[in-house]
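A short worksheet on the structure shown next.
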Amino acid sequence: MPVVQFAPFSSLVQPSFWHELTRMKIDVLRLSDETLPIQGSYTVGRSIRDRETGKDIVLGCNLSLGGDAYEKSIQLSPMSVAANGMFKNYNTIEDFKAADKSALFNELSTKMWDAIVNHKDTSVLSKFLLITFADLKKYQYYYWFAFPAFVSKPAWEISENGWKSADEELSANQLTTIHQSLYDDTVPFFLVKTSGDSVQVGMVEKFDEFFGDVSSELRIVGFLDPSASAENPGWPLRNLLAFLRVHFPAQSSSFRVLCWRDSEIPSAGKAWKSRFGVISSGESDTATKPSAVGWERHPTTNKLSARMADLAPMMDPARLADQAV
Amino acid sequence: MHAIQQQYWSLRDYLSPVLKESKFKEHGRINPEEFVAAGDFLAYKFPVWTWEKGDASKARDYLPSDKQYLVTRGVPCLRRATSLAYTDEDEDAERLLSFGDSSATGNEADEWVETHAGRKATLDSAANPGVIDDIPDLDGEGYGGLSNAMGNVSISSTTGATAGETPDLDDIPDMEEEDLEEGDDEATAAPKTGVPSAGGVLDATQIEVAKGNLLQVRTYDVMITYDKYYQTPRIWLIGYDENRTPLTPPQIFQDVSADHALKTVTIEAFPHSASLQAASVHPCKHASVMKKVIERMNAGVVEEQLAQRKTSSGSGTPKESKKKWGFGRKGSKDEKGPVGDEEEVEGMRVDFYLVVFLKFIASIVPTIEVDSTTAF
């Protein structure tokens, strides 16, 4: 059976975030380079039908940061959830390059593992790390994201049936109920139990109580899926599976997974975008912290390296004046 | 110069009075309450649009503090508008065609008009390479003024450092750290290369358009603010390329139809942020265009509503008085019969203003899918 391949998060930084960083750096942070909490958000994976070719085109598996990332609560659009992050800004490009990135990454992943094991906390499952260096004079921002995900050994495998459209497994009624539940209260992870044509949606933390004596073929583990790729569930599922394996080892040899990708109930004649698949894996050791991966690769080179946003064309007063008419 | 102009605009905006009475059918302008009503409707009907409060210090007091402007993020833009561009050049000239010997006899009825006569057929085939490139010929004579206005920045990518590619900017070769993670992780989906995945679904980076160019899927954050001076909504764009890097102004202009780039679409300070700059469609003509569109739509809507009323004679109460300027946002529920308020002959309600507005904006930025409202 093929190994499940997860679509990694891609960072999307809105220009307003860099504007806010500039302001913070000058007015608040100054020379401080301590670690700050920030918040990003992700929403369901989107695809668009190309009118010329009639094909569906998948947009990225994005985690975005806006200008309000430094605030305690960010404004979320419908069907999107917040992700907490650690943010560290360096004062010089040398510091940025010389930073002990492995140590930062390990520190974060250890924290996440601790929160999972000891606090049964699902809010850490999509934590991320962002390091930056802001060249304020040139309006250039160097940055590097990491989205730690715990590696499962042995790896999760998808059943022979593969990933299929959710409406092959669940009825339109059931999907509509799930949609309504998520629309009212959008959560990154949820549980679904089916009985007949109806479904109930519950919290992941209450796995045992919620599922109780529900037989395993009526249990579904769901998550808000930022990926829109047909064969690849999004990154958050990895840590959710790690979480479930730690806390519910007895039930975790196989899961029926719902990748939720519908922001709206599809109009008549259109299909649901959510995906469904049955994944399984062998026994694994849950006592020790598994290794984690997740540094973002550079989008053009696909290498592990930092990237840079050049905001000069949109921020530099001299260059803005040049194109004013 | 530009800074002074912007100062002037903000002052003018500050001094101009808030429009109080409802005018949208007379001249296409709306007041803040109608903007909020239309925005509420848009956000309700199409949840991709949400209200934002923006920077508190920049809040406008004539709008509710939590409804300062509308935003939708990640609007896809598959192609460049420049690839759709039609010009007034010779290649688009019309030509009379005659068939047979009719022209000799002076029988003009048999003549046909062929448009775009000079334009070569652009068949997307290997046998016809290179034609695509010829179309966005914006550096032609007709665009001299435009090119001059932009200084060194040109719309088509003739020089390396402009529009299409900014290849070196993002490269930081000496910062590569492949040893951060040991080996490749088998459970990480690799970026797609070439092979289309199953199910007819394509990854955004792998679509090939004619002659082997990769389709570059950009995304836009689109904002709608209320412009107090022009008393219309105003659209703002912030774009990202396929690697999620913010677009530069010349790149954004590639997605604006050639008629509007740098004339009605310019880069300006976004009013609800202290420092953010965004591309904006200048609203000076919005009111008159909206008036025309609304008039046309209104006629259709009234007709439809009258027809509906005739068929459902149950609600026989004369509602002709309602026909005047019924903006009531479903406000007249108590008066209507059992048939539902769609029956009221009131013409287009102001709630639809932004839906219509987006259709109009879609003509200025034809490849940005701002108009998710196709159901209407």
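Below is a table of values for the structure above.
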read-out	value
Enclosed volume per residue, in Å³, of the convex hull spanned by Cα atoms of the stretch A:100-239	170
For a label point 7 Å along the Cα-to-beta-carbon line of A:Asp185, residues of the stretch A:192-209 with backbone N under 19 Å	A:192-194, A:199-209
Isotropically averaged projected area of the stretch A:241-325, using the convex hull of Cα atoms (one quarter of hull area), nm²	12.6
Cα-based equivalent ellipsoid, the stretch B:1-88: semi-axes from gyration tensor eigenvalues, Å	26, 22, 17
Distance cut-off 31 Å, percentage of C-alpha pairs in chain A lying past it	35
Descending Cα extents along the principal axes, the stretch B:27-71, whole Å	29, 29, 12
Contour excess over end-to-end distance, with Cα ends at A:Glu205 and A:Ala318 and 0.36 nm allotted per residue	35.3 nm
Amide H contacts under 5 Å for A:Leu59, placed H, 5+ residues apart	A:Arg46, A:Ser47, A:Ile48
Computed label-point distance, nm, for sites A:Ile93 and A:Glu264 using a 7 Å Cα→Cβ extension	4.5
Structure-based [θ]222 nm, chain A - -39500 (n - 2.57) summed over DSSP H runs of at least 4, per residue, nearest 500	-6500 deg cm²/dmol
The stretch A:14-115, relative contact order in percent, only Cα pairs under 8 angstrom and at least six apart counted	34
Relative contact order (%) - criterion: Cα under 8 Å, at least six apart; region: the stretch A:100-159	26
Two-site FRET efficiency, A:Glu283 against B:Glu186, from Cβ-Cβ distance with R₀ of 25 Å, rounded to 0.05	0.85
Set of the stretch B:19-56 residues, backbone N closer than 20 Å to the point 7 Å along the Cα-Cβ line of B:Val302	B:22-30
Fully extended contour minus Cα-Cα distance, from B:Asn243 to B:Glu177, at 0.36 nm per residue	21.8 nm
Cut-off under 5 Å, modelled amide H: who pairs with A:Ala99 long-range	none
Nearest-0.05 FRET efficiency for A:His119 and B:His282, computed from C-beta distance (R0 51 Å)	0.45
Fewest-first sequence of B:Ile235, A:Ile265, A:Ile279 by Cβ atoms within 10 Å of each Cβ	A:Ile265, A:Ile279, B:Ile235
Pairs beyond 31 Å (Cα-Cα), from B:Lys67/B:Lys291; A:Lys127/A:Lys164; A:Lys55/B:Lys228; A:Lys111/A:Lys206; B:Lys20/B:Lys310	A:Lys55/B:Lys228; B:Lys20/B:Lys310
Nearest-0.05 FRET efficiency for A:Lys164 and A:Glu107, computed from C-beta distance (R0 56 Å)	0.90
Label point distance in nm, A:Asn302-A:Lys138, each placed 7 Å from Cα along Cα→Cβ	2.8
Linear extension gain, A:Ser216 paired with A:Lys72, 0.36 nm per residue minus alpha-carbon span	47.9 nm
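None of the figures in this text is laboratory data; all of them are computed from the coordinates on show. These figures come from a predicted structure and were not determined experimentally. As a convention, Cβ positions derive from the backbone with ideal geometry for all residues, glycine included, and neighbour counts pool all protein chains shown.
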